[in-house]
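Read the structure below first, then the notes.
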2 protein chains.
Amino acid sequence: MVTIRDVAQASGVHVSTVSRTFSAPHLVSAETRNRVLAVAEGLGYRPNRAARALTTGRTHNLGLIVADIANPFFPPLIKAAQAQARERDYHVFVADTDENPLMEQELIETLCKQVDGVLLCSPRLSNRVIERLRAQVPFAVVNRRVKGLPTVLMDVGQGVRAAVEHLAGLGHRRIALLSGPSGSWTSEEMHATATDAAVEAGVDLTVLRPNEPTEQGGLAAAAAVAGSGMTGVLCHNDLVALGLIEGLRGRGLDVPGDLSVIGVDDSLPGRLNRPKLTTITMPTAAAGRMAVDLLLAAVNAGDAGTAALARLETTLIVRESTGPAVPAAPAARLPAGRAVR
Amino acid sequence: MVTIRDVAQASGVHVSTVSRTFSAPHLVSAETRNRVLAVAEGLGYRPNRAARALTTGRTHNLGLIVADIANPFFPPLIKAAQAQARERDYHVFVADTDENPLMEQELIETLCKQVDGVLLCSPRLSNRVIERLRAQVPFAVVNRRVKGLPTVLMDVGQGVRAAVEHLAGLGHRRIALLSGPSGSWTSEEMHATATDAAVEAGVDLTVLRPNEPTEQGGLAAAAAVAGSGMTGVLCHNDLVALGLIEGLRGRGLDVPGDLSVIGVDDSLPGRLNRPKLTTITMPTAAAGRMAVDLLLAAVNAGDAGTAALARLETTLIVRESTGPAVPAAPAARLPAGRAVR
DNA sequence: ATGAAAGCGCTAACAG
DNA sequence: CTGTTAGCGCTTTCAT
């Protein structure tokens with residue numbers, strides 16, 4: 001292993017000069033700097049960040065904790081966060097908690113010594129625990145409100161409102177919300193906004209909860225939806241929507257012919273599905289970048305700065321899984337298109 | 001920050017005793033050990049891994065480098081690798097190269113000082129460079145053959161052979177291989193095996209290459225496939241297959257009615273698609289676990305051990321995107337089902 | 001602008 | 001079994 005000492009020796013200067021060449025180049029004469037740089041290059045020298053961390057207290061590492069790497073919601077976020085971090089000369093540890101709060105806590109505690117900050121994505125941990133842990137290491141949070149922490153929220157409410165209006169506009173009078181796990185900020189937000197929007201649009205909303213946030217959850221919910229008279233369904237995410245469509249199909253129901261289904265995430269499976277899923281985009285990549293920047297800002301500000309809160313817009317993308325309502329029961333048949341409102 | 005020194009002071013022993021309590025407990029009397037442990041617990045002491053690394057030379061970190069986190073092939077592998085690593089008390093840096101070899105090299109070089117080993121997944125780097133870099137840090141490789149390096153191969157050949165036989169059995173006489181980027185081990189392997197298998201099965205194989213390994217690549221290839229007389233297509237991965245199906249559909253061609261399409265990966269989008277994609281499973285999770293274990297073995301053996309090579313089996317999963325061949329041209333109509341062989 | 005020296009948190013011989 | 005000491009690679013005063 002080639003160290004700062006080797007470089008110093010080979011270029012005939014003291015170690016501190018080499019150190020400065022890398023961490024405070026302006027304090028070194030151009031001539032010396034170039035010589036040192038050349039020698040370092042030749043020797044293949046790379047600063048040891050761990051050793052540097054020991055003196056500076058800065059590891060230049062970040063921790064990124066997610067519930068489930070394999071959930072298609074996360075990869076774009078991870079990718080963006082990791083890219084943004086590297087842009088800022090940070091490396092990132094990625095850890096998966098398997099949706100387990102204890103694992104999450106354990107992870108934070110073992111990771112915190114090697115990172116300058118931790119990014120929590122849709123954490124399952126209680127706010128209480130997060131607030132306690134926060135003494136150990138700076139946090140930033142995605143899709144969760146924790147008092148005083150830098151936060152990035154993907155404002156699913158906007159999209160939900162648009163989705164409800166879209167369904168109402170297509171003549172759907174009875175709609176369902178297939179809610180996700182309770183305790184999730186996104187779930188609560190969806191629930192609250194959908195309830196409001198339904199009242200405003202004059203449609204009837206039934207909340208079915210909680211559902212596994214997976215294809216299985218959607219599949220299982222098909223039983224409750226089919227034959228219930230509800231013709232429009234807003235699902236917790238694309239996976240649930242896809243599962244629901246599958247389950248409905250198994251019961252001889254067509255989407256969008258018989259029912260309209262909307263997902264959330266704008267994930268790859270939804271885009272590739274037939275019918276292409278009408279969905280609410282979650283700006284996951286932007287959230288990842290943003291969160292890294294807020295986290296880094298918090299890290300560099302110490303406890304000084306006020307915690308930033310970024311709300312990212314979501315929008316409804318209308319594709320093929322929604323269409324005009326077809327009354328299931330002998331109800332008044334409405335003209336196709338915008339019947340209500 | 002609470003250090004080993006604080007614990008030593010508070011429990012009335014010397015720092016080295018505290019150190020031993022954590023890194024070599026058997027060298028400390030039960031009584032002392034318990035006292036130290038209790039004090040440490042009370043103070044919330046956590047060993048600083050970076051500092052430890054400085055003396056031991058072991059960081060207990062691993063680097064995991066992939067071409068594209070958002071490609072659905074990788075997340076299950078990342079998840080499994082990361083879980084396995086944690087099981088062994090290792091943390092993992094995850095980095096995305098954006099399919100860029102230079103980025104890959106740069107990443108390896110900056111990461112290598114903070115990790116005990118690097119896991120390269122489907123690397124885009126040339127073997128020459130990898131072999132040079134290997135002096136810096138131990139490697140393990142997934143889906144690439146590099147002389148002397150611990151390797152995990154997902155033996156796509158088995159699946160490809162089965163796929164070709166499956167198509168032949170369904171009466172397809174002219175089949176296409178939508179190959180991926182050249183230089184990829186998996187691509188080459190698919191190419192070689194498909195060629196062999198086609199000869200053995202007595203079918204005509206046309207290789208279309210190279211294609212972007214994405215939905216777009218498949219979509220673009222639809223033009224070349226439609227009306228070519230080829231009725232069975234084996235694609236580089238599920239995404240390509242899905243794109244192809246989409247493109248075919250746009251040209252009024254039905255899958256599996258008019259053509260049969262097979263993917264590779266058994267990814268989520270393929271499972272959720274209609275028709276459900278016939279595909280070759282890639283045991284990505286197993287590969288991730290395995291690769292971590294081989295890497296750790298290499299790390300602990302120094303340069304001693306012989307480089308292990310693990311070949312993981314792949315198998316064909318027949319779902320809905322393949323069916324009996326329907327001769328496009330006035331060829332002899334064969335009985336449905338297994339017509340050939 | 002550069003050198004000297006101390007020290008970050010921890011481990012690893014070596015004594016005792 | 002425990003204390004002493006030196007040092008990992010690097011940064012950072014403080015001198016010069």
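Whenever a residue of the stretch B:275-289 is touching a residue at least 24 places away in the same chain (Cβ under 8 Å) and within 21 Å of residue B:69 (Cβ to Cβ), its partners that are assigned to a helix (DSSP H, G or I) and of a type in the set (Phe, Trp, Tyr), lying with C-beta atoms within less than 9 angstrom and at least six residues away or across chains, give the pairs B:284/B:74. Once the stretch B:5-22 is narrowed to residues that are open to solvent by less than 50 Å² (accessible area, probe 1.4 Å) and within 27 Å of residue A:58 (Cβ to Cβ), the residue that is farthest from DNA strand D (Cβ to nearest atom) is B:7. Residues in the stretch A:114-126 that are modelled with pLDDT under 95 and either under 19 Å from residue A:287 (Cα atoms) or open to solvent by 30 Å² or more (accessible area, probe 1.4 Å) (or both): A:122, A:123, A:124, A:126.
Look at residue A:108 and say whether it is crowded, with 19+ Cβ neighbours inside 10 Å, aliphatic (A, V, I, L, M) and part of a helix (DSSP H, G or I). Criteria met by residue A:108. Within the stretch A:308-318, being open to solvent by 40 Å² or more (accessible area, probe 1.4 Å) and either at pLDDT below 90 or of a type in the set (Val, Ile, Thr) (or both) holds for A:315, A:317, A:318.
Considering the stretch A:54-69, the residues that are in contact (Cβ under 8 Å) with a residue 24 or more places away in the chain and within 7 Å of chain B (Cβ to nearest Cβ) include one that is nearest to DNA strand D (Cβ to nearest atom), namely A:59.
Scanning the stretch A:166-181 for residues that are in contact with a strand residue (DSSP E or B) (Cβ under 6 Å, 6 or more places away or on another chain), closer than 23 Å to residue A:212 by Cβ and not small (Gly, Ala, Ser) yields A:175, A:177, A:178. Restricting attention to the stretch A:23-37, the residues that are aliphatic (A, V, I, L, M), under 43 Å from the mean Cα position of the chain (by Cα) and either within 11 Å of DNA strand C (Cβ to nearest atom) or exposed (fewer than 12 other Cβ atoms within 10 Å of the Cβ) (or both) total 2. Within the stretch A:38-48, the set of residues being open to solvent by 60 Å² or more (accessible area, probe 1.4 Å) and within 14 Å of chain B (Cβ to nearest Cβ) comprises A:41, A:43, A:46.
Taking the stretch A:1-17 as the range and being among the aliphatic types (A, V, I, L, M) and either more than 8 Å from DNA strand C (Cβ to nearest atom) or assigned to a loop (DSSP other than H, G, I, E, B) (or both) as the test, the residues that pass are A:1, A:2, A:4, A:7, A:10, A:13. When you go through (1) within 10 Å of DNA strand D (Cβ to nearest atom); (2) acidic (Asp, Glu); (3) not in a helix (DSSP H, G or I) one by one for residue B:31, which number turns out not to apply? Just one mismatch for residue B:31, condition (3). When we screen A:280, A:245 for residues that are more than 14 Å from every other protein chain (Cβ to nearest Cβ) and out of contact with any Phe, Trp or Tyr (no Cβ under 8 Å at 6 or more places or on another chain), the only hit is A:280. Of the strands (runs of 3 or more DSSP E) lying entirely inside the stretch B:127-215, those containing at least 1 residues that are modelled with pLDDT of 95 or more and within 30 Å of residue B:300 (Cβ to Cβ) are B:139-142, B:151-155.
Which residues, counting only those in the stretch A:56-80, are open to solvent by 20 Å² or more (accessible area, probe 1.4 Å), in contact with a Phe, Trp or Tyr (Cβ under 7 Å, 6 or more places away or on another chain) and within 16 Å of residue A:91 (Cα to Cα)? Selection gives A:60 alone.
The values are calculated or read from the model by the stated rules, or taken from the named source; none is laboratory data. Note that the coordinates shown come from a computational prediction; the quantities given were computed from them, not determined experimentally. Every residue, glycine as well, gets a Cβ built from its backbone with ideal geometry; the counts of neighbours run over all protein chains shown. Ligands, DNA and RNA are excluded from the accessible area calculation, which covers all protein heavy atoms including side chains. Shrake-Rupley method; radii C 1.70, N 1.55, O 1.52, S 1.80 Å.
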